[in-house]
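The values are calculated or read from the model by the stated rules, or taken from the named source; none is laboratory data. Owing to the predicted nature of the structure, the values given are computational and were not obtained by experimental measurement. Note: ideal-geometry Cβ built from the backbone for every residue, glycine included; neighbour counts use all protein chains shown.
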Amino acid sequence: MFSRITCFKKYLPLSFLIILLLTTWLLSPAEARTDVKNSDTGSALLAIVNVRIVPVVGQDIPSGTILVENGKIRALGANLEIPAGARIIEARGLTAYPGMIDGYSSLGLVEISGVSATVDNRETGRINPQVKAIEALKYDSMHIPIARSNGIVAAVVAPSGGLIAGQSTLVKLDGWTNREMVIKESLALVVELPGIRGGRRGFMGMGTQQAAVSTDRALAELKELFHRARMYEIRREQAAKNLLLPRPDFDETSHCLLPVVKGELPVIFSVQADKDILQTIRFVQEEKIKAIFYGVHQGYKVAGEIKKAGIPCLIGSLYDQPPVWEDGYDSLFMNPVLLNQAGVKIAFSSSSSSAAKDLPYHAAKAAAFGLDRLEALKAVTIYPAEIFGVDKLMGSLEAGKLANIVLADGDLLELGTRIEKVFIEGREVDLSNRYTELLEKFRKREREK
Amino acid sequence: MKNLTRLPVFILLLVIMLAGSANWLLAAGSLLIKNATILPVTGPPITGGDVLVIDGIIKQIGRNLTAPPGIRIIEAHGKYLIPGIIDTHTHLALSGTNEGTEAITPEVNMADVINPDDPAIFTALSGGVTMVHTMHGSANVIGGVNVVLKMKWGQPSEKLVVREAYPTLKFALGENVKQSNRTLLPGRPQRYPATRMGANAIIRRELLRARDYMAEWDRYEKLKNSKNPPANLLPPKKDLRLETLADLLRGKLYARCHAYVATEMVEFLNLAREFGFKVAALEHAWEAYKITDELLAAGVGISVFIDSWAYKMEAAEGIAYNASYCTQRGVLVSINSDSSERVRRLFNEAGKAVKYGLTPDEALKMITINAARQLGVDRLVGSIEVGKQADLALFNEHPMSAYTRCDLTIIEGEVYFDRQQVIKEREEAARKGGN
């Protein structure tokens, strides 16, 4: 190893010269800018012109320009002057939207749900605040480019199972490693309270993990754990001040819960039944923690209380049965409509990896049942950004924000719409994916004839 | 005797009916839908169109139709009228799905276990679905005989069955039958087959057995019908399992085979050729896009998901272009739900095909006329045409749009789902509950 480095050092000036010559010869500046797939670092000045702009906040612009520089939106408007030297993207007939944010997914943790070797979202045991989604995230998951080619640029990736499932992460859907994807390494602790239809079961009913019997007991258990964490902290502080006091034994659970009890790390509560939601609101207020609700199947029944508590809601997948027959066939579709009308901040989620690309369709489904279409669009863009505290960076098309831009040939939430280009932090990302690659591969057979 | 006691009641009913207006008789299964955008599926759209239904049958399609007196008129201005959606692969309205204890169980029949109280029937109606093919599961290589049902919520089992449909027998291949995703419990023996080789071998073995069985019966019939039948002639032993397979070989039953990967589909088509049985469709067929030539040569269609994939190893190459590409190559494709939940958003699933290359019209066909053809009922349903049964669904937006919602579902001229009515009843119940 050492000798190799010295060897390299010997030839260093020479190699530098060769590289320099090669680059000047190969890459004239104009040509370098056309190849964005691999070499575009997002630093070049980019002008998307003649594009319909839906900034999500503020007025739509029927035809305008978006200027992108250093990965950010420098300006946008109807009559912008295009600076000399800008790479121009003609987008006539296309609409620019902010990239969507999936409020809750298992992207990068679940590859093929039935094959356990490819499943990394569910740790054994019930209390796992120590496990972090980011540390298992498969950045080259086949599901990520598919989600991206549907206009999704960022996602919450959440672990699952037990009472405390672990720590979720917020990532952008671009990067050569999991760490390059990070927006917020630890977004929130995930707590799964029992569902309405009883304990959660694994794939095809073969799972052995049972959720806690009731929300009362689950919350009581959490209270105890939070108390233990607070006591642990006090004992450690006292021991640090007083040399006569022994340091308490290391307690992993308490150690990992400290950011939660201090109010630094929010908790995402997966909670469904109206009564359970009310109990959880009380718990959150008593414990003085930051909370986000997820799932909230019967949220519409207690929308006023959720609004008063100021807790935002990540709507679970709408691809589900009504939790109980009496709620009505359309209760899951009406739920986001009624929560939104009550003033609760909502964001949609795919709750999936292989179906993460369906995020826009969940929003459209709610719109079919009465959610205002702009509100539906906000609930996959600016609202999730606000809920996760990244609205200064993303979630809308505004000067100064990251250039997370989607160019679509129609309404972003519509089934038939094709996404023509996606920019993540100003970089144009590759929209080929497993679907397109396999199609191309087997189309060759047709062409061979 | 029984009939005699019922006779007076029947006459009484008849008198009451005749005493009422003649219009009352007409009204059952009759209605007029006005001012809709009609998507007949087999013809061009008609804007501002009317459909007149008499006794469950579409009598007239056009503009400015007038209804005979006493008929319910449904105003559908701004809405889209399509043929009732047909789901070619479900397991709903059954009180059992898998007789998976043995590798082959063709003697079982889903018509014996219809559960007309399954709420999934209503769920299906709420998504505009009027007919489903409800099937034996995929736990074993040869399952049972399937049944086609109309979603007549509230009616007894026998009223649901569509007898005109192809009688079909369920086959299954791949991971489910080889039980590759099942944890083997200690002490429980592994069931044959554990490989795709075994699955194919079992089918061949049973069909050869069925051939012998048929030959034995032929021998018996020949002897029986001969001039001098032997005195002690005994018929062969009746075997219900082989009887079903013999019907398949006789062409009285159609195979529907659950298959994912290209190899197992190619091999099943080879078996069909070898034994000369008919295949109504391949189910799931995730790798159909790899073998469109073989499908076209065999004239076999596919019944698939649009993009529900990657839940098993054999679904890891299931691309969302499958349905679109196969359609473009000329394969008959229907989109199925295989789920008592997805059944209510089958129109959304079909709508996704537009992103992957189909026109909205082509996409809509996959859940209407194509499905009807695969079930052998396209002369009765699957499009809006005069003379066909009035199975219809009304949507507030184009049915292939993500923003659409089913507002009304009609089977044979009777309204089985009415969103406005559901909301009204809910509000009334809430008022009563509040008092």
Would you confirm whether any residue within the range B:139-151 is touching a residue at least 12 places away in the same chain (Cβ under 8 Å), within 14 Å of chain A (Cβ to nearest Cβ) and closer than 30 Å to residue B:404 by Cα? yes
Subset of the range B:278-288, residues buried (at least 24 other Cβ atoms within 10 Å of the Cβ), part of a strand (DSSP E or B) and not charged (D, E, K, R), comes to B:280, B:281, B:282, B:284
Would you check if there is a residue in the range B:219-229 being closer than 25 Å to residue B:136 by Cβ, out of contact with any His (no Cβ under 7 Å at 6 or more places or on another chain) and of a type in the set (Ser, Thr, Tyr)? no
For residue B:259, state whether it is closer than 30 Å to residue B:199 by Cα, under 30 Å from the mean Cα position of the chain (by Cα) and in contact (Cβ under 8 Å) with a residue 60 or more places away in the chain. yes
Candidate set: the range A:423-437, residues that are aliphatic (A, V, I, L, M) and buried (at least 19 other Cβ atoms within 10 Å of the Cβ); chosen: the one nearest to residue B:309 (Cα to Cα): A:429
Could you give me the residue pairs with C-beta distances under 6 Å whose first residue belongs to the range A:423-449 and is more than 10 Å from every other protein chain (Cβ to nearest Cβ), whose second residue is assigned to a loop (DSSP other than H, G, I, E, B) and of a type in the set (A, V, I, L, M, F, W, C) wherever it lies, and which are 6+ apart or on separate chains? A:423/A:403; A:426/A:403
When residues of the range B:289-337 are limited to those that are in a loop (DSSP other than H, G, I, E, B) and more than 13 Å from chain A (Cβ to nearest Cβ), the one farthest from the chain's Cα centre (by Cα): B:299
Could you give every pair whose Cβ atoms fall below 8 Å, whose first residue belongs to the range B:339-365 and is under 15 Å from residue B:92 (Cα atoms) and not assigned by TED's automatic domain parsing to the domain that holds residue B:401, and whose second residue is of a type in the set (Asp, Glu) and modelled with pLDDT under 95, counting only separations of at least 6 or pairs across chains? B:341/A:320
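Residues are listed down the side, and each one gets a yes or a no for (1) in a helix (DSSP H, G or I); (2) buried (at least 24 other Cβ atoms within 10 Å of the Cβ); (3) away from chain B (no Cβ under 12 Å):
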{"position": "A:347", "(1), (2), (3)": "no, yes, yes"}
{"position": "A:352", "(1), (2), (3)": "no, no, no"}
{"position": "A:362", "(1), (2), (3)": "yes, yes, no"}
{"position": "A:391", "(1), (2), (3)": "no, no, yes"}
{"position": "A:394", "(1), (2), (3)": "no, yes, yes"}
{"position": "A:399", "(1), (2), (3)": "no, no, yes"}
{"position": "A:417", "(1), (2), (3)": "no, no, no"}
{"position": "A:421", "(1), (2), (3)": "no, no, yes"}
Restricting the range B:403-429 to residues that are among the aliphatic types (A, V, I, L, M) and within 11 Å of chain A (Cβ to nearest Cβ), the residue that is nearest to residue B:52 (Cα to Cα): B:422
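The rows are residues; the columns are (1) part of a loop (DSSP other than H, G, I, E, B); (2) out of contact with any Phe, Trp or Tyr (no Cβ under 9 Å at 6 or more places or on another chain); (3) not assigned by TED's automatic domain parsing to the domain that holds residue A:223.
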position	(1), (2), (3)
A:55	yes, no, yes
A:59	yes, yes, yes
A:63	no, yes, yes
A:67	no, yes, yes
A:84	yes, yes, yes
A:130	yes, yes, no
A:134	no, yes, no
A:141	yes, yes, no
Looking across the range B:161-180 at residues that are within 24 Å of residue B:373 (Cβ to Cβ) and buried (at least 24 other Cβ atoms within 10 Å of the Cβ), the single one that is farthest from the chain's Cα centre (by Cα) is B:173
Give the range A:300-330 a look and list any residue that's surrounded by fewer than 21 Cβ atoms within 10 Å (Cβ to Cβ), within 14 Å of another protein chain (Cβ to nearest Cβ) and in a helix (DSSP H, G or I), or say none. A:301, A:325, A:326, A:327
When you check residue A:280 against the structure, is it away from chain B (no Cβ under 14 Å), touching a strand residue (DSSP E or B) at 6+ places or on another chain (Cβ under 7 Å), farther than 30 Å from residue B:306 by Cα and surrounded by fewer than 19 Cβ atoms within 10 Å (Cβ to Cβ), yes or no? no
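Per-residue answers, yes or no, for (1) at pLDDT 95 or above; (2) in contact with a Ser or Thr (Cβ under 7 Å, 6 or more places away or on another chain); (3) of a type in the set (D, E, K, R); (4) within 22 Å of residue A:133 (Cα to Cα):
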{"residue": "A:167", "(1), (2), (3), (4)": "yes, yes, no, yes"}
{"residue": "A:174", "(1), (2), (3), (4)": "yes, no, yes, yes"}
{"residue": "A:194", "(1), (2), (3), (4)": "no, yes, no, yes"}
{"residue": "A:208", "(1), (2), (3), (4)": "no, no, no, yes"}
{"residue": "A:235", "(1), (2), (3), (4)": "yes, no, yes, no"}
{"residue": "A:238", "(1), (2), (3), (4)": "yes, no, no, no"}
{"residue": "A:241", "(1), (2), (3), (4)": "yes, no, yes, no"}
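Here's the yes/no breakdown for (1) under 19 Å from residue B:260 (Cα atoms); (2) part of a helix (DSSP H, G or I); (3) more than 14 Å from chain A (Cβ to nearest Cβ):
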position	(1), (2), (3)
B:124	no, yes, no
B:137	yes, no, no
B:153	no, no, no
B:159	no, yes, yes
B:199	yes, yes, yes
B:207	no, yes, yes
For residue A:292, the lone unmet condition from (1) under 19 Å from residue A:342 (Cα atoms); (2) part of a loop (DSSP other than H, G, I, E, B); (3) under 20 Å from the mean Cα position of the chain (by Cα) is (2)
Can you say whether residue A:153 is farther than 29 Å from residue A:364 by Cβ, away from every other protein chain (no Cβ under 14 Å), among the hydrophobic types (A, V, I, L, M, F, W, C) and in contact with a strand residue (DSSP E or B) (Cβ under 7 Å, 6 or more places away or on another chain), as far as the supplied structure shows? no
Considering only the range B:235-244, I want to know if a residue exists there that is among the acidic types (Asp, Glu), in contact with a Leu (Cβ under 6 Å, 6 or more places away or on another chain) and either loosely packed, with under 11 Cβ neighbours inside 10 Å or not in a strand (DSSP E or B) (or both). no
State whether the residues of the range B:93-112 include one that is closer than 26 Å to residue B:58 by Cα and buried (at least 24 other Cβ atoms within 10 Å of the Cβ). no
I'd like to verify a number: residues in the range B:246-264 that are within 23 Å of residue B:211 (Cα to Cα) and aliphatic (A, V, I, L, M), how many? 5
State yes or no: is residue B:282 assigned by TED's automatic domain parsing to the domain that holds residue B:317, more than 23 Å from residue B:373 (Cβ to Cβ) and either without any contact (Cβ under 8 Å) to a residue 60 or more places away in the chain or not acidic (Asp, Glu) (or both)? no
Residue satisfying all of: in the range B:357-402; surrounded by 24 or more Cβ atoms within 10 Å (Cβ to Cβ), within 10 Å of chain A (Cβ to nearest Cβ) and of a type outside the set (Gly, Ala, Ser); nearest to residue A:419 (Cα to Cα) among these: B:358
Residue, surrounded by the fewest Cβ atoms within 10 Å (Cβ to Cβ), within the range B:338-356, restricted to residues that are assigned to a loop (DSSP other than H, G, I, E, B) and more than 7 Å from chain A (Cβ to nearest Cβ): B:340
